[in-house]
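Q: Here it is: the structure, laid out below.
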Amino acid sequence: MRLLRISAGLLLVAGLTVTSRGWAADAPGVDGVKSSKPNKNTELFGDSVVAKGKGFEIKRSQLDDEVIRLKALSAARNQPIPPDQAPLLEKQILEQLIQIQLLLGKATEADKAKGKELAQQRLDDAKKQLGSDEAFTRRLRSEGLTQDQLFAKWTEAGTAESVVKRDLKTTVTEDDAKKYYEDNPAKFEEPERVRAAHILISTKDPATGSDLPDDKKAAKRKQMEELLKRAKTGQDFAKMAQENSEDPGSKDKGGEYTFPRGQMVPEFESAAFSLNTNQVSDIITTSYGYHIIKLYEKLPAKKEQLAGLDTKTIFHKPDGGVISIKDILTDQSMQKQFPDYMRSLRKEANVEILDDKLKMEDVPPTSNTGNAPGVPLPSPNTGGNAKPPSAKP
């Protein structure tokens with residue numbers, strides 16, 4: 001689980017009461033969202049301080065809120081956290097809470113202004129990815145956040161990013177970029193892809209994830225047959241997906257995904273790549289249920305040319321975005337510097353973890369160990385945070 005995520009040239013301080021990018025309700029710079037259920041331990045024993053440092057405290061309720069949020073998010077994405085991972089999870093989330101407080105304590109007014117700018121950019125990008133303000137609001141509501149809360153969290157996280165970028169300077173030359181390009185040819189090769197939309201009628205029980213009984217599957221099949229008739233007559237496919245698809249990751253985008261071979265289950269992939277432009281498939285059966293697919297376009301394979309240090313030539317990001325070689329090499333340098341940087345900040349602030357069970361001695365001090373917890377808005381293109389119900393298991 002990543003304690004700090006660096007992407008596209010920006011250090012993304014993750015987790016905490018946030019989201020792909022930060023904390024706690026009473027400590028400075030903290031804006032935790034309380035869980036709907038009261039914490040019994042807090043009620044019985046009071047809200048103890050579990051960690052502190054110069055200028056901040058982190059309380060048990062703040063940590064518990066983040067753990068509850070992450071567990072709920074993971075369960076909603078069919079990626080439940082194994083019980084034996086719970087102790088490590090608590091330690092890592094607490095470490096993130098500490099990191100963000102240390103970084104916010106070093107922020108200048110310029111860093112804070114940059115934090116607001118980054119937050120607004122992310123907010124705009126998230127709305128664009130989800131297709132509308134309404135879809136964005138629904139996603140937030142499903143994950144227990146308001147837009148104001150999310151903006152506040154992303155502002156603090158953006159501020160922390162600005163601090164790290166200011167302190168951990170690095171220089172990347174044209175020669176460095178050329179060497180990276182020559183040493184990593186596969187990263188500049190994009191395979192053939194298709195841009196297609198689908199409608200899913202699930203044959204899984206939403207509560208248990210098990211297959212529905214045969215009679216209910218038959219009713220689902222009949223429902224899909226009616227939808228197929230409408231699609232074949234030229235009705236607006238995107239609108240049909242928004243109104244009928246049971247794929248929460250794509251229905252707000254009219255059912256649309258862009259993907260190469262090897263990403264989706266074989267039946268779905270084979271059907272999508274065999275279609276002609278604007279053709280609608282017959283009913284496709286997968287382990288997820290019944291699908292109909294409409295192909296919008298086929299995107300041929302290509303290789304990006306080295307155009308310059310700052311030119312965004314790499315596009316192999318899960319969300320379909322692009323990133324420059326300079327950003328990649330800057331990120332790599334910052335990742336190497338980050339653990340020692342945080343150790344020095346912890347020492348300077350005299351950080352203490354007051355609950356022995358939460359001490360991090362047995363957790364490697366790395367900033368690149370996996371996906372950051374607490375991310376409320378994964379890319380609608382799934383970006384590794386959640387799989388579409390047509391992807392390989």
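The values are calculated or read from the model by the stated rules, or taken from the named source; none is laboratory data. None of the values given here were measured: they were computed from a predicted structure. Glycine gets a Cβ as well: all are built from the backbone with ideal geometry, and neighbour counts include every protein chain shown.
Q: Taking the stretch 299-328 on its own, how many of its residues are touching a helix residue (DSSP H, G or I) at 6+ places or on another chain (Cβ under 8 Å) and modelled with pLDDT of 90 or more?
A: Result for the stretch 299-328: 0.
Each row is one residue, and each column tells you yes or no for (1) of a type in the set (K, R); (2) out of contact with any strand residue (DSSP E or B) (no Cβ under 7 Å at 6 or more places or on another chain); (3) closer than 27 Å to D215 by Cα; (4) modelled with pLDDT of 95 or more.
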residue	(1), (2), (3), (4)
G254	no, no, no, no
Q279	no, no, no, yes
S287	no, yes, yes, no
H291	no, no, yes, yes
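Q: Then there is this: Any chance the stretch 258-267 includes a residue that's of a type in the set (V, I, T), within 27 Å of the chain's Cα centre (by Cα) and closer than 30 Å to Q332 by Cα? Explain how you work it out, then say what you get.
A: From the stretch 258-267, those of a type in the set (V, I, T) are 258, 265; that's our starting set.
Next cut, within 27 Å of the chain's Cα centre (by Cα) only: 258, 265.
Checking the rest, the ones that are also closer than 30 Å to Q332 by Cα come to 258.
For the stretch 258-267, residues of a type in the set (V, I, T), within 27 Å of the chain's Cα centre (by Cα) and closer than 30 Å to Q332 by Cα: present.
Q: Now for a separate question. Return a yes/no flag: does the stretch 209-226 have any residue that is touching a strand residue (DSSP E or B) at 6+ places or on another chain (Cβ under 7 Å), at pLDDT 95 or above and of a type in the set (A, V, I, L, M).
A: The answer is yes; a qualifying residue exists.
Q: Also: Do any residues in the stretch 321-346 that are more than 29 Å from K52 (Cα to Cα) have Cβ atoms under 6 Å from those of residues that are part of a helix (DSSP H, G or I) and among the acidic types (D, E), where the two are at least six apart or on different chains, and which pairs are they?
A: Within 6 Å, the pairs are L329/D176.
Q: I would also like to ask the following. Out of curiosity, is D205 touching a Lys or Arg at 6+ places or on another chain (Cβ under 7 Å), more than 29 Å from M342 (Cβ to Cβ) and either assigned by TED's automatic domain parsing to the domain that holds I98 or not aliphatic (A, V, I, L, M) (or both)?
A: Details: touching a Lys or Arg at 6+ places or on another chain (Cβ under 7 Å): no; more than 29 Å from M342 (Cβ to Cβ): yes; either assigned by TED's automatic domain parsing to the domain that holds I98 or not aliphatic (A, V, I, L, M) (or both): yes.
When the stated conditions are applied, D205 does not pass them.
Q: Residue by residue through the stretch 150-209, note down the ones that are among the hydroxyl-bearing types (S, T, Y) and touching a helix residue (DSSP H, G or I) at 6+ places or on another chain (Cβ under 6 Å).
A: First, pick out the residues of the stretch 150-209 that are among the hydroxyl-bearing types (S, T, Y): 155, 159, 162, 170-171, 173, 180-181, 202-203, 208.
T155, T159, S162, T170, Y180, T203, listed by residue number.
Q: Oh, and also: All but one of (1) part of a helix (DSSP H, G or I); (2) within 25 Å of the chain's Cα centre (by Cα) hold for K216, so report the exception by its number.
A: Only one criterion in (1) part of a helix (DSSP H, G or I); (2) within 25 Å of the chain's Cα centre (by Cα) is unmet by K216, namely (2).
Q: Is one or more of the residues making up the stretch 282-298 in a loop (DSSP other than H, G, I, E, B), touching a Ser or Thr at 6+ places or on another chain (Cβ under 6 Å), of a type outside the set (D, E, K, R) and assigned by TED's automatic domain parsing to the domain that holds L228?
A: Of the residues in the stretch 282-298, the ones in a loop (DSSP other than H, G, I, E, B) are 282-283, 287-288.
Okay, now just the ones that are also touching a Ser or Thr at 6+ places or on another chain (Cβ under 6 Å), so none.
No, the stretch 282-298 has no match at all.
Q: Something else: Count, please, the residues in the stretch 247-285 that happen to be crowded, with 18+ Cβ neighbours inside 10 Å and acidic (D, E).
A: 4
Q: Give me the helices (runs of 4 or more DSSP H) completely within the stretch 111-207, filtered to those with at least 1 residues that are at negative phi and at pLDDT 90 or above, ordered by residue number.
A: Working: elements: 133-142, 147-167, 174-183.
Hits in the stretch 111-207: 147-167, 174-183.
Q: Could you run through the stretch 120-161 and say how many residues are within 25 Å of P248 (Cα to Cα) and either small (G, A, S) or assigned by TED's automatic domain parsing to the domain that holds K253 (or both)?
A: 6
Q: If I ask for residues that are aliphatic (A, V, I, L, M) and either crowded, with 24+ Cβ neighbours inside 10 Å or within 20 Å of G254 (Cα to Cα) (or both), which ones from the stretch 195-211 would you list?
A: Residues of the stretch 195-211 that are aliphatic (A, V, I, L, M), as a first pass: 196-197, 199-201, 207.
Within the stretch 195-211, A196, A197, I199, L200, I201 meet the criteria.
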